[in-house]
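Structure, as structure tokens:
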Amino acid sequence: MSLNNKALITIYGGSGFIGRHVVRAIAKTGARMRIAVRRPELAGFLQPLGDVGQINAVQANVRYPDSLLAAAQDADAVVNLVGILFPSGKQTFKAVMDEGARNVAEAARAQGARTFVHISAIGASPTAPSYYARSKAAGEEAVRETFPGAVILRPSIVFGPGDDFFNRFAAMARIFPVLPLIGGGKTKIQPVFAGDVAKAVIAGLTGKTEGHDPYELGGPEVLTMKEIIRRVLAYTMRKRLLLSEPFFIAKLQGALLQWLPKPLLTVDQVRMLETDNVVSEEAKRAGRTLEGLGIEPVAIESVVPDYLEQYRPRGQFSVYRPEP
């Protein structure tokens with residue numbers, strides 16, 4: 001489909017971290033957007049990303065199919081960005097990322113949307129050790145069954161201003177003298193810039209993806225968790241002791257910390273760290289990557305140091321100089 005001022009796109013979860021990047025990218029095409037979120041009154045910050053009347057927030061909840069139908073009415077395309085990192089009350093992995101994904105796909109099909117783009121995650125598998133990854137896999141299967149032509153995108157850990165990855169480690173480095181390396185910090189990650197994920201969504205909406213297999217989105221570097229934390233310390237200009245911690249000890253900590261309103265760690269997140277989170281060789285061979293879509297991935301070094309300056313000893317007045 002063509003993205004222009006005649007197109008209407010419904011974006012479920014469009015006010016989240018990835019959502020604001022997707023909204024910004026689509027706004028540049030001139031397409032109109034309906035942002036379907038649980039609290040539309042809190043999505044006003046998206047308005048400056050587009051022209052007057054281009055972005056309209058409406059109420060919808062993936063646990064209530066009727067609200068999803070209303071949000072998808074007359075939409076040419078639907079994008080599903082809804083996801084959670086940890087369960088809370090009725091917002092469980094199954095309700096949000098499994099059944100919720102099916103509900104969104106059913107609404108898109110019922111309202112006659114021509115295109116459906118669904119955001120999953122690298123590592124999604126029915127046999128994965130974490131509930132998160134298994135629910136993502138169940139959501140993918142539900143989407144395929146309901147909307148056979150759907151485009152499924154699997155990003156690795158997503159970074160960018162306001163992320164919950166680099167910012168979390170930087171905040172910990174500001175407070176704690178010792179930082180844990182769960183599993184020895186050997187888990188490999190391929191962080192991808194949120195703006196690149198947004199470009200992949202545009203590619204999916206405009207028919208540039210091929211086939212029905214998921215596209216795996218990763219950045220230009222594969223790093224271990226130990227290397228990532230060392231970079232965070234360099235960017236924030238702090239020195240901290242790094243202590244190797246076995247997975248079973250981290251699970252015990254997660255069992256306690258996961259009861260906090262916004263947990264620093266959960267048992268399920270430790271399970272996720274038991275598996276590398278990188279683009280598969282199969283996806284590379286098939287061209288189901290950012291590069292295969294003609295997108296040059298943005299490097300961590302060109303983005304992350306700028307938004308982590310708030311965690312430096314003197315904030316913006318601390319001058320970070322990358323090592324030669």
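The values are calculated or read from the model by the stated rules, or taken from the named source; none is laboratory data. The shown structure was predicted, so the numbers you read here are calculated from the model rather than taken from an experiment. Heads up, the Cβs are rebuilt from the backbone with ideal geometry, glycines too, and the neighbour counts pull from every protein chain shown.
Summary of values
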{"read-out": "Verdict on G100 being within 25 Å of I202 (Cβ to Cβ) and either aromatic (F, W, Y) or out of contact with any helix residue (DSSP H, G or I) (no Cβ under 7 Å at 6 or more places or on another chain) (or both)", "value": "yes"}
{"read-out": "One residue from A255, A283, A250 being of a type in the set (G, A, S), out of contact with any Gly (no Cβ under 7 Å at 6 or more places or on another chain), buried (at least 17 other Cβ atoms within 10 Å of the Cβ) and over 28 Å from V151 (Cβ atoms)", "value": "A250"}
{"read-out": "Residue that is in contact (Cβ under 8 Å) with a residue 40 or more places away in the chain and closer than 18 Å to L81 by Cα, where the choices are I35, I26", "value": "I26"}
{"read-out": "Scope the stretch 50-85; condition of a type in the set (A, V, I, L, M, F, W, C), buried (at least 18 other Cβ atoms within 10 Å of the Cβ), assigned to a loop (DSSP other than H, G, I, E, B) and under 22 Å from the mean Cα position of the chain (by Cα); matching residues", "value": "A60, V62, L81, V82"}
{"read-out": "Residue that is surrounded by the fewest Cβ atoms within 10 Å (Cβ to Cβ) [pool: residues in the stretch 146-181 that are of a type in the set (F, W, Y) and outside any strand (DSSP E or B)]", "value": "F176"}
{"read-out": "E274 vs. criteria within 24 Å of the chain's Cα centre (by Cα), in a helix (DSSP H, G or I) and among the acidic types (D, E)", "value": "no"}
{"read-out": "Search result, residues across the stretch 182-225 that are under 21 Å from A150 (Cα atoms), β-branched (V, I, T), buried (at least 17 other Cβ atoms within 10 Å of the Cβ) and out of contact with any His (no Cβ under 8 Å at 6 or more places or on another chain)", "value": "V201, I202, T209"}
{"read-out": "Some residue of the stretch 100-120 being buried (at least 24 other Cβ atoms within 10 Å of the Cβ), modelled with pLDDT of 95 or more, in a helix (DSSP H, G or I) and under 17 Å from the mean Cα position of the chain (by Cα)", "value": "yes"}
{"read-out": "Any hit, the stretch 256-263, residues being in a loop (DSSP other than H, G, I, E, B), at pLDDT below 95, basic (K, R) and under 18 Å from the mean Cα position of the chain (by Cα)", "value": "yes"}
{"read-out": "Inter-residue pairs, beta-carbon under 6 Å, first under 15 Å from N277 (Cα atoms) and in the stretch 112-140, second among the charged types (D, E, K, R) and in a loop (DSSP other than H, G, I, E, B), 6+ apart", "value": "P129/E274"}
{"read-out": "Complete set of residues in the stretch 210-233 that are modelled with pLDDT of 95 or more and either within 17 Å of E281 (Cα to Cα) or part of a loop (DSSP other than H, G, I, E, B) (or both)", "value": "P214, Y215, E216, L217, G218, G219, P220, E221, V222, L223"}
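Per-residue answers, yes or no, for (1) out of contact with any helix residue (DSSP H, G or I) (no Cβ under 9 Å at 6 or more places or on another chain); (2) under 21 Å from A200 (Cβ atoms); (3) among the polar types (S, T, N, Q); (4) assigned to a strand (DSSP E or B):
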site	(1), (2), (3), (4)
N4	yes, yes, yes, no
I9	no, yes, no, yes
G14	no, yes, no, no
T29	no, yes, yes, no
